[in-house]
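The values are calculated or read from the model by the stated rules, or taken from the named source; none is laboratory data. Treat the numbers as computed from the prediction; the structure is a model and nothing was measured. A quick note on method: Cβ atoms are made from the backbone with ideal geometry, for glycine too, and the neighbour counts reach across all protein chains shown.
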Amino acid sequence: MLEIRNMNYQIPKDRLILENLNLTVWPGEFLGLLGKNGAGKTTFLDLVMGLRPVTSGQIIFQGHDPQFLPQSVAEDLVFLSQDIKLPRSMSIQEYLDYMSFFYRNYDHDKEQELLDYFEMSPKSKIGSLSTGQQKKAQIVSGLCTNAKLMIIDEITAVLDPESRLKFFTILEKLHRKRTQSLILATNIAEDLVGRVDRVLFLDHGKASYHESSEVHNIFKLGDVA
Amino acid sequence: MKLILHHLTSEYKIHAKVMWFTLVILLAICYALSIDASKVDSVQIIWYSLVAGMVTSSAYKKDFSLKYYTAMPIPRDQLILIIVLGRVLYFIPGAVTLTVYYSALPRDPLFNHSWPLLMITYFIGISIFNAIQVLGDIENPRIESVPGRFESFLMFFKKIGINYILGSSLLVGGFILIKSSVEVLGLHFINNQFLIILYGGAVLTFLMYRCHHIFLNEHLSYWSWKKDGALATLLIAASIFPAIAFKQKAANFAYNHGPTPYFQAVDEIDQLKLRRIDTKIHDINAKNELGYTPILVAVRNGDLDSFITLKSMGASLTGDEIASASPLDPKKFKEKYNSLKLAILSNNPKMLETILQQELYGQGHNLDALHFAAHNCKAAVIPTLIEFGFNPNQALENGQSSLFYATQTNCYSAVLELALHGADVKLKDKSGKEPKDYTKSFQMHHVLKRFESKKMQQNRLPASTNLANPHLKR
């Protein structure tokens, strides 16, 4: 699915963010991404999405460089991020209709189910929603794409506890089906415990891999993360 | 194509309210500028149409989220195109305004009076503006490390300054380069308008390529002394110095001098050079692309010496000559001009007197001559016109005399000259209004009010006195 070989990334004229990173994400795998603030989680995901070029090494998604993905392959990749701002004048339904155009496997039936599940009205204007509600709209669009790889960048932090639980319930269902791979970047360690297959921990440019049960020990803070 | 249409439909839905509101405001402003649409100042229409789009497009940038677009499964070059095209929508109200007031727009080679060419030029220009904005947006979110304050300034300068200077310098400088190549190769059949469209298209293509390149290589977002420093130095030298030093020459060059050497000699006011031209080889009455003959250029410039020289060399001057006004003239009255109106525009009473003495025009012609002078604020020639029998109280179809036109353009010197030479300040037009009703200027009201009193009327000077230029003898 996704392969990263000897990848290094340096900010132009500045420090090395990621050093000699190797990773393989298998189909159906759920990978957690953890790290301190400024460790490079978002930068790593930008590289996987092809938004930045690597300094050296390779990233290969379904046999292609993410910076030059053909349309048919790009539809297998969906990105949900806290940094994405949705158009404020659109209603939720208009936004979902807009996004559905780009994904051939978009499931319109699932769309209504998810809107009901997250208790959202399709006619609501995005500008009138809170930040958490806007992220839920984004989550609905991402889940309906049925993309082979879903990348989630710290979107859970702004969700209320109930919505977070609902979101993870869905992710766990997807994980059990093993039809989609998931990469979840988060600052909330508990989100990963017992859910992910493994955790990629970034620290000072270096990557290490851990079991989800070891998450609390990563920061050496005991049960508090 | 489907992708682009899908995106533009979505963008329209997002921004429809702002667009319609902008259109209403634009049309209201243009209508409020004068009584009827045909007299709206053409330069203002173009300016407002452009500014409205620039302001709304720039305001939209506040909510712009690059990641919103980059997260979509769209190839990068198509992504840049749809972002640029989405912003072009903000300029549609401007395009509609230009279409509504099309008849008031200037007719010259730069803004060619062909609606399709005007629209193509307009959209290429605004696309270049939007491409430069998108270039800044692509660079902006990628900057994570700023070593120092000075380099921060340089990166800001690069994003704003170089991108805009690059775009405009390439557009202006490159156009002059291409135009000079056309001159050297003798390809005069290529119209200025087509050159602008072709070259504007090339600049736009370059900017789109640069957007795509920066998107793939974030190193280009940072300041590089080697590349960016050299480019900035080159641009500053290439664009600012010639623009200041050779502004008029560049403008003259952009608008074709003329097919014969007479034009250059007249521009240089060089009688010796003029006399040396062989009239058997070069047609002294050949017109340039603006419709001027060399003698008309001399009339327009108020250059009596060149006029006399050209006349002696056999240049013909009849009342039928029709030339467009110079594209550098800020005010337009009617679309076509004859030698009398060009002499008025020169604001040289001697030149006007010479033209009037040619007796090219019969009675009943050019009844709007004083109106024309007043509208263009050419006060020095008003006494000459009155001396030659033009009536300061002559009303046109709308019932307005020349004093109305002077008032509307806030030309104090013209108002003074007309009032002192017998213009009736209390005259009413067909809508029942007096000249003072067409100005909001307190000073203008004060001047007109003073002339209402009988005492001032008694003190009115004879037509032989030229107040604006008392040193000129009649």
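Find the residue count for segment B:260-294, including only residues that are touching a residue at least 40 places away in the same chain (Cβ under 8 Å), closer than 20 Å to residue B:340 by Cα and assigned to a helix (DSSP H, G or I).
1
Could you say whether any residue in segment A:14-29 is facing chain B (nearest Cβ under 10 Å) and surrounded by fewer than 19 Cβ atoms within 10 Å (Cβ to Cβ)?
Step one: list which residues in segment A:14-29 are facing chain B (nearest Cβ under 10 Å), which gives A:14-15, A:17.
Subsequent filtering for residues that are surrounded by fewer than 19 Cβ atoms within 10 Å (Cβ to Cβ) retains A:14-15.
Taking every residue of segment A:14-29 in turn, at least one turns out to be facing chain B (nearest Cβ under 10 Å) and surrounded by fewer than 19 Cβ atoms within 10 Å (Cβ to Cβ).
For segment B:368-420, enumerate the residues that are aromatic (Phe, Trp, Tyr) and under 27 Å from the mean Cα position of the chain (by Cα). Full working, then the answer.
Going through segment B:368-420, the residues aromatic (Phe, Trp, Tyr) turn out to be B:372, B:388, B:390, B:404-405, B:412.
B:372, B:404, B:405, B:412, listed by residue number.
When you look at residue A:47, is it crowded, with 17+ Cβ neighbours inside 10 Å, of a type outside the set (Gly, Ala, Ser), touching a residue at least 24 places away in the same chain (Cβ under 8 Å) and under 23 Å from residue A:215 (Cα atoms), yes or no? Even if it seems obvious, please write down each step before you answer.
Working: crowded, with 17+ Cβ neighbours inside 10 Å: yes; of a type outside the set (Gly, Ala, Ser): yes; touching a residue at least 24 places away in the same chain (Cβ under 8 Å): yes; under 23 Å from residue A:215 (Cα atoms): no.
The answer is no for residue A:47.
Just checking, how many residues over segment A:90-118 are under 25 Å from residue A:1 (Cα atoms), of a type in the set (D, E, K, R) and within 12 Å of another protein chain (Cβ to nearest Cβ)?
Initial filter on segment A:90-118 (under 25 Å from residue A:1 (Cα atoms)): A:99-107, A:110.
Imposing the further condition that a residue be of a type in the set (D, E, K, R) reduces the set to A:104, A:107, A:110.
From what is left, the residues that are within 12 Å of another protein chain (Cβ to nearest Cβ) are A:104.
Within segment A:90-118, residues that are under 25 Å from residue A:1 (Cα atoms), of a type in the set (D, E, K, R) and within 12 Å of another protein chain (Cβ to nearest Cβ) number 1.
If you scan segment A:127-186, which residues turn out to be on the phi > 0 side of the Ramachandran plot and touching a strand residue (DSSP E or B) at 6+ places or on another chain (Cβ under 8 Å)?
Applying the first criterion (on the phi > 0 side of the Ramachandran plot) to segment A:127-186 yields A:146, A:154, A:178.
Selection gives A:154 alone.
Any idea which of A:136, A:166, A:125, A:148 is surrounded by fewer than 16 Cβ atoms within 10 Å (Cβ to Cβ) and of a type outside the set (Phe, Trp, Tyr)? Working first, answer last.
On the way: A:136 fails: surrounded by fewer than 16 Cβ atoms within 10 Å (Cβ to Cβ); A:166 fails: surrounded by fewer than 16 Cβ atoms within 10 Å (Cβ to Cβ); A:148 fails: surrounded by fewer than 16 Cβ atoms within 10 Å (Cβ to Cβ).
Exactly one of A:136, A:166, A:125, A:148 is surrounded by fewer than 16 Cβ atoms within 10 Å (Cβ to Cβ) and of a type outside the set (Phe, Trp, Tyr), namely A:125.
Could you pull out the residue among A:109, A:191 that is at negative phi and without any contact (Cβ under 8 Å) to a residue 24 or more places away in the chain? Spell out the reasoning first.
Values: A:191 fails: without any contact (Cβ under 8 Å) to a residue 24 or more places away in the chain.
Sole residue among the options that is at negative phi and without any contact (Cβ under 8 Å) to a residue 24 or more places away in the chain: A:109.
Hey, among the residues in segment A:60-82 that are surrounded by fewer than 22 Cβ atoms within 10 Å (Cβ to Cβ) and away from every other protein chain (no Cβ under 11 Å), which one's nearest to residue A:16 (Cα to Cα)?
A:60
Which of the following residues is basic (Lys, Arg) and out of contact with any Leu (no Cβ under 9 Å at 6 or more places or on another chain): A:125, A:135?
A:125
Listed here are the residues, each with its yes/no results for (1) β-branched (Val, Ile, Thr); (2) touching a helix residue (DSSP H, G or I) at 6+ places or on another chain (Cβ under 8 Å); (3) at pLDDT 85 or above; (4) not assigned by TED's automatic domain parsing to the domain that holds residue B:352.
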{"residue": "B:283", "(1), (2), (3), (4)": "no, no, yes, no"}
{"residue": "B:293", "(1), (2), (3), (4)": "yes, no, yes, no"}
{"residue": "B:311", "(1), (2), (3), (4)": "no, yes, yes, no"}
{"residue": "B:325", "(1), (2), (3), (4)": "no, yes, no, no"}
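Exactly one of (1) farther than 17 Å from residue B:6 by Cβ; (2) buried (at least 19 other Cβ atoms within 10 Å of the Cβ); (3) within 14 Å of chain B (Cβ to nearest Cβ); (4) over 17 Å from the mean Cα position of the chain (by Cα) is unmet by residue A:87. Its number?
Looking at each condition in turn, residue A:87 falls short on (1).
Take segment B:20-45 and flag every residue that is surrounded by fewer than 20 Cβ atoms within 10 Å (Cβ to Cβ) and either modelled with pLDDT of 70 or more or of a type in the set (Lys, Arg) (or both).
Those that are surrounded by fewer than 20 Cβ atoms within 10 Å (Cβ to Cβ) and either modelled with pLDDT of 70 or more or of a type in the set (Lys, Arg) (or both): B:20, B:21, B:23, B:24, B:25, B:27, B:28, B:29, B:31, B:32, B:39, B:44.
Would you confirm, using the coordinates I've provided, whether residue A:42 is within 13 Å of chain B (Cβ to nearest Cβ), under 15 Å from the mean Cα position of the chain (by Cα), surrounded by fewer than 22 Cβ atoms within 10 Å (Cβ to Cβ) and not basic (Lys, Arg)? Before you say what the answer is, go through the steps one by one.
Working: within 13 Å of chain B (Cβ to nearest Cβ): yes; under 15 Å from the mean Cα position of the chain (by Cα): yes; surrounded by fewer than 22 Cβ atoms within 10 Å (Cβ to Cβ): yes; not basic (Lys, Arg): yes.
Yes: the conditions hold for residue A:42.
Report the residue count in segment B:412-431 for those that are closer than 14 Å to residue B:373 by Cα and surrounded by fewer than 22 Cβ atoms within 10 Å (Cβ to Cβ).
3
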